[in-house]
Amino acid sequence: MDDRRSTTTATYVFCLVQSGRAPSLRSVPASLPGAGAPRLIPVDRDIWAVVADAPLERFEGEELQRELQDVEAISRHALAHASVVEFFFRHAPVIPLKLFTLFSSDDAASAHLQSRREELTRMFAGLRGLEEWGVRIVAGQVEAESSRTLSSGRDYLQVKKRLHDETAAPPRSTVRAVDGALKALGRIASKTRKEAFPAPGKGRPYVTGTSFLVKVERRAEWKRAIAKTAAALARQGHHLAMSGPWPPYHFVSS
């Protein structure tokens, strides 16, 4: 390794890829702002780390702290990080690493990852053939009541004000409906993880959601279940939003 480079740059790690040969870098998305182009370093015979040179003048000390306090800057970094991870996920199993995972050098990154080879091999085995989907449900009492009984904008505003002034706790029927929907979807998934959302408050709806790890071969079944569940919830005034498929962001620990 170039000693000069190792004293002026760190090694940024996007993700790990399982492949019998070096994954192609052709058409790989742009790296994080200020970082070098994505490249590969071998970890094991079939595990590769996707990395980039991270100049210390941008990724260390006060400069990095300023970036971490800038919401727009964080968003740019997060989008670039995700784009690179998802590029490789389209072709092979991946283990995403957290945003701003940095090592002092390629050698340090390689040594750390090689020390976890057995653990990484088990993780890849548990993730093979699986993809993550996110589901969020927003309870919509105003929409439900207005669609059934309201005939004017004035009526709508009156109901909205009343609901705003009422207790923040959602009705038990709402909790049962949305939690039951998520539980039913979970029967298709291999793993689930409940996500945390802000508690409901005056003027703030009840929101809940779950991340699901689903077998690729069950994708069509999953989408049919989502469509059926979304339609059933909509009739009750609730809104279901789905995203994916994604790499297993919520089912790995880096």
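Pulled fully out, how much extra length does the chain show between Asp44 and Glu221, if you take 0.36 nm times their separation in residues and subtract their Cα-Cα distance?
Numbers: separation 177, 0.36 × 177 = 63.72 nm, distance 3.55 nm.
Going from the current span to full extension adds 60.2 nm.
For Phe197 and Glu62 in the same chain, what is the full-extension length gain: residue separation times 0.36 nm, less their Cα-Cα distance, in nm? Please list the in-between numbers first.
On the way: separation 135, 0.36 × 135 = 48.60 nm, distance 3.12 nm.
Here the answer is 45.5 nm.
Taking 7 Å along the Cα-to-C-beta vector as the label spot, tell me the Thr7-Asp70 distance in nanometres, rounded to one decimal.
Output for this residue pair reads 2.9 nm.
Between Glu119 and Leu25, what is the label-point separation in nm under the 7 Å Cα-to-beta-carbon projection?
2.8 nm
First select every other residue whose beta carbon is under 11 angstrom from the beta carbon of Arg76; then total the charges, Lys and Arg +1, Asp and Glu -1.
On the way: positive: none; negative: Glu67, Asp70, Glu72.
Summing Lys/Arg as +1 and Asp/Glu as -1 gives -3.
Every read-out reported here was derived from the displayed coordinates using simple, explicitly stated rules and does not represent laboratory data. Predicted model only: the values in this text are computed from it and were never measured. Counting neighbours? That spans all protein chains shown, and the Cβs are built from the backbone with ideal geometry, glycine included.
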